[in-house]
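Below is one structure, written out as structure tokens; comments come after it.
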């Protein structure tokens, strides 16, 4: 099963979310990932999947893969700046397995 993924790179929206999260929580998230705290907003983006989850990612200039910083469902999420990124194949949500009844 696949799901749509939306991304937001808007600096205005990111600034609202980053201010609401706060500097302390961001520094702790970077410390847990053993990363240096960035001096600018470059590299941050938000992602939304169809299971109603919002995530904050950071991709540094020297890294190939983005790092998941935190789930941000509890914070205010701006409505502007969202773009359809594409489809992500969801392998871990295949649904419940049918129960065996004993008769086959």
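General observations
- Label-point gap, in nm, between residue 32 and residue 80 - each point 7 angstrom along Cα→Cβ: 3.2 nm
- Each Cα pair under 8 Å and six or more residues apart adds its separation to the average, and for segment 2-87 the resulting relative contact order is 43 percent.
- The label point for residue 49 and the one for residue 9, both projected 7 Å from the Cα toward the Cβ, are 2.2 nm apart.
Only the coordinates and a few stated rules stand behind these numbers; no lab work does. Since we're looking at a predicted model, the values are computed, not measured. Backbone-built Cβ (ideal geometry, glycine too); neighbour counts: all protein chains shown.
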